[in-house]
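Visitor: Have a look at this one.
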Amino acid sequence: MPEEGVAHVPRKELLTFEEIDRLVGILRKQGIKHVRLTGGEPLVRKGIDELISMLGRHNDLELSMTTNGVLLQRHLGTISENRMRLNVSLDSLDREVYARKTRRDELPSVLKSLQAALECNIPIRLNAVIANSQEQQHVIELAELAKRHRLQVRFIEKMKFDGSTSRQDVHAGMASGSEIRQWLRVAWPELQAKPRQAGATAEMLHAKSWQGSVGVINSRSRTFCSDCNRIRISATGQLRLCLYSRHDTDIRSWLRDNDVSDSEIAHRLARAVLDKPENGFVAESAAASSFVPESMISIGG
Ligand code: SF4
């Protein structure tokens, strides 16, 4: 979360639940298999349970949500009923560090919600953004959770999308995915690499004696672009084909035009997706001239 917060978006600019559901229906027919609600924070949207239930009716879709976990507990029933997986952002188990990083003292309620989610058998991934070697201890403490519980803990290389940094100095001194992997392997030599599935963003490690597994996401090193099959659609209906891109396609205007049919939208989406950058470096370099600091909270992780 940027220090100055994020700009409020007028409600009429947000896609309605009906528009999201229509778009998901079109994308499903185009071969999309997995829809993830992300943010900002999806659970602050009024009536989010209704949207989850609407999406849950697309029986053949995998559903997941990225959340900070603060409001999670009251939504667990709907999440479980609609077979949704959870990606919970949790950078540290130290209450003070957590409060400093997130600007809210909510660690106890997040941990309580996680416990409740585990009891509901909801598949959980914890995502921790790791900045530098001073955070090695957070990595070890979080990985312990995966050793004791049936969940994945994934450590993410910190990227520049914090809304406050400039391109020149942004990556100096930051921990790389291979360093984080090395810390894990030194702490637990029994950890073995799991085969990576096509399109997966994490390189996972597991040991037979562990309940869960740990992984590293090389978001900054971008080692998984070659089979990236993701597209992002913002809350305001802007299609973005790569995290590092600054080029958006306005889908909301198509959805709100009575003369544009579902098949026409499908056709336009198929054409737009052909422009997906070859990798994040290509996208970043194309965006370089128009760079403006932008927070991950507005892009969606
Ligand atoms: S192509 Fe872009 S969105 Fe896909 S993995 Fe690479 S950097 Fe991420």
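The values are calculated or read from the model by the stated rules, or taken from the named source; none is laboratory data. Everything quoted here is computed from the prediction, not taken from an experiment. In this analysis, Cβ positions are derived from the backbone assuming ideal geometry, glycine residues included, and neighbour counts consider all displayed protein chains.
Visitor: Pairs, please: C-beta under 9 Å, at least 6 apart or cross-chain, first residue assigned to a helix (DSSP H, G or I) and in segment 280-295, second at pLDDT below 60 and more than 11 Å from the ligand (Cβ to nearest atom)?
Guide: So the pair list comes out as E284/F291; A288/R167.
Visitor: Okay, moving on. Show the residue pairs meeting these rules: Cβ distance below 6 Å; 6+ apart or different chains; first residue within segment 190-216 and assigned by TED's automatic domain parsing to the domain that holds I180; second residue of a type in the set (K, R) and assigned to a strand (DSSP E or B).
Guide: A202/R154; G215/R154
Yes or no, residue by residue, for (1) surrounded by fewer than 16 Cβ atoms within 10 Å (Cβ to Cβ); (2) touching a Pro at 6+ places or on another chain (Cβ under 9 Å); (3) more than 19 Å from L239 (Cβ to Cβ):
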{"residue": "L27", "(1), (2), (3)": "no, no, no"}
{"residue": "I32", "(1), (2), (3)": "no, no, no"}
{"residue": "P42", "(1), (2), (3)": "no, no, no"}
{"residue": "K46", "(1), (2), (3)": "yes, no, yes"}
{"residue": "E62", "(1), (2), (3)": "yes, no, yes"}
{"residue": "T66", "(1), (2), (3)": "no, yes, no"}
{"residue": "N87", "(1), (2), (3)": "no, no, yes"}
{"residue": "L93", "(1), (2), (3)": "no, no, yes"}
{"residue": "A99", "(1), (2), (3)": "yes, no, yes"}
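Visitor: Check R268, R222, R230 and return the single one that is surrounded by 13 or more Cβ atoms within 10 Å (Cβ to Cβ), within 14 Å of the ligand (Cβ to nearest atom) and modelled with pLDDT of 90 or more.
Guide: Working: R268 fails: within 14 Å of the ligand (Cβ to nearest atom); R222 fails: modelled with pLDDT of 90 or more.
The unique qualifying residue is R230.
One line per residue, one yes/no per condition, for (1) among the aliphatic types (A, V, I, L, M); (2) modelled with pLDDT under 95:
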position	(1), (2)
K12	no, yes
R22	no, no
R36	no, no
M54	yes, no
L63	yes, no
G69	no, no
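Visitor: Go through segment 182-209 and report how many residues are away from the ligand (no atom under 16 Å from the Cβ) and assigned to a loop (DSSP other than H, G, I, E, B).
Guide: Selection size over segment 182-209: 9.
Visitor: Please count how many residues of segment 71-116 are at pLDDT 95 or above, under 18 Å from the mean Cα position of the chain (by Cα) and in a helix (DSSP H, G or I).
Guide: Summing the residues that are at pLDDT 95 or above, under 18 Å from the mean Cα position of the chain (by Cα) and in a helix (DSSP H, G or I) in segment 71-116 gives 4.
Visitor: From the set of residues in segment 236-257 that are in a loop (DSSP other than H, G, I, E, B) and among the basic types (K, R), which is nearest to the ligand (Cβ to nearest atom)?
Guide: So in segment 236-257, the residues in a loop (DSSP other than H, G, I, E, B) come out as 236-237, 241-247, 251, 256-257.
Then drop every residue that is not among the basic types (K, R), which leaves 246, 256.
Values: R246: 12, R256: 27 Å.
So the residue we want is R246.
Visitor: I've got another one for you. When you look at K46, is it assigned by TED's automatic domain parsing to the domain that holds V153 and over 19 Å from the mean Cα position of the chain (by Cα), yes or no? Steps first, answer last, please.
Guide: On the way: assigned by TED's automatic domain parsing to the domain that holds V153: yes; over 19 Å from the mean Cα position of the chain (by Cα): yes.
Against the criterion (assigned by TED's automatic domain parsing to the domain that holds V153 and over 19 Å from the mean Cα position of the chain (by Cα)), K46 qualifies.
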